[in-house]
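Have a look at this one.
FYI, it's all coordinate maths here, none of it is from the lab. In this text, all values refer to a predicted model and were calculated from it rather than measured experimentally. Because the Cβ atoms are built from the backbone with ideal geometry, glycine has one as well, and the counts that use them run over all protein chains shown.
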């Protein structure tokens, strides 16, 4: 009697457990990368704003390189570089480091635009009130300038959240990697991708809504 052997199985309830776990990995990678990259980007933006010539020649060129080179190439090169020199690095941390640097390169220009949006008259007014340079930056420039470019930062954050899917090329079991594995096993790409897309939406939507809430609160 002939028996057919099936190498594939349908998408079942147990598979739904793998996707939330992978979505959590995506959330952790994105949160670490965005928070670290934002802090570095604000620092880099301040340096670029205060030292336009020196910053553009040195730091500006480095940040332009990270903005210009496709993110997937940065991930593969960085991860394999450690293997070449004999230092093992976890795919998770390789993804976090590169995404954080990539985020900082994007946020740097956003932060610089916000800092430079606070004109010289306002800075002179703060000096006339007795504030020194650091107090002016802390109490005047950053609160006003960074708030002005907050929508741009939200766009960067949402972009990095979606770009975290590229960490799958390193083998880390984030959402896209697990979704592709499930597609291979279940042969149901539309269903698996629809569920994975729903998880990406569930991660992104609260960020955009909370950002809109903050903008309305600041305007009122």
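Extension gain residue 89-residue 51, at 0.36 nm per residue separation less the Cα-Cα distance, in nm?
Values: separation 38, 0.36 × 38 = 13.68 nm, distance 3.50 nm.
Gain on stretching residue 89 to residue 51: 10.2 nm.
Ok, one more. Sequence gap at least 6, Cα distance under 8 Å: using those rules, report the relative contact order of the stretch 36-155 to the nearest whole percent.
It comes to 36 percent, rounded to a whole number.
Multiply the residue separation of residue 16 and residue 61 by 0.36 nm, subtract the distance between their alpha-carbon atoms, and state the gained length in nm to one decimal.
Details: separation 45, 0.36 × 45 = 16.20 nm, distance 4.45 nm.
Length gained, residue 16 through residue 61: 11.7 nm.
Oh, and also: Set the Förster distance to 22 Å, then compute FRET efficiency between residue 73 and residue 31 from the Cβ-Cβ distance, nearest 0.05.
Numbers: r = 24 Å, r/R0 = 1.09.
Calculated value: 0.40.
Could you give the angle, 0 to 90 degrees to the nearest 10, between helix 15-50's Cα long axis and the longest principal axis of the Cα atoms of the chain?
That works out to roughly 20 degrees.
Please report 169, 57, 178 as a ranked list, fewest other C-beta atoms within 10 angstrom at the top and most at the bottom.
Least to most surrounded, the residues fall as 57, 169, 178.
A follow-up question, please. Among rounded, prolate and oblate, which fits the stretch 35-74 when a ≥ b ≥ c are the square roots of the eigenvalues of its C-alpha gyration tensor, a/c under 1.5 means rounded, and a/b larger than b/c means prolate?
Oblate is the answer for the stretch 35-74, as a/c is 1.5 or above yet b/c matches or exceeds a/b.
In degrees between 0 and 90, to the nearest 10, how far off the longest principal axis of the chain does helix 91-117 point, with axes built from Cα atoms?
30
With Rg and Dmax of the Cα atoms in Å as the read-out, I listed [x] 22.1, 95; [y] 17.6, 59; [z] 16.9, 54; which label goes with the value calculated from this structure?
[x]
With each label point set 7 Å from Cα along the Cα-Cβ vector, what nm distance links residue 125 and residue 184?
Output for this residue pair reads 6.1 nm.
Going by average Cβ density within 10 Å per residue, which order do the peptides 145-157, 198-210, 123-135 take, highest to lowest?
Answer by packing, highest mean first, reads 145-157, 198-210, 123-135.
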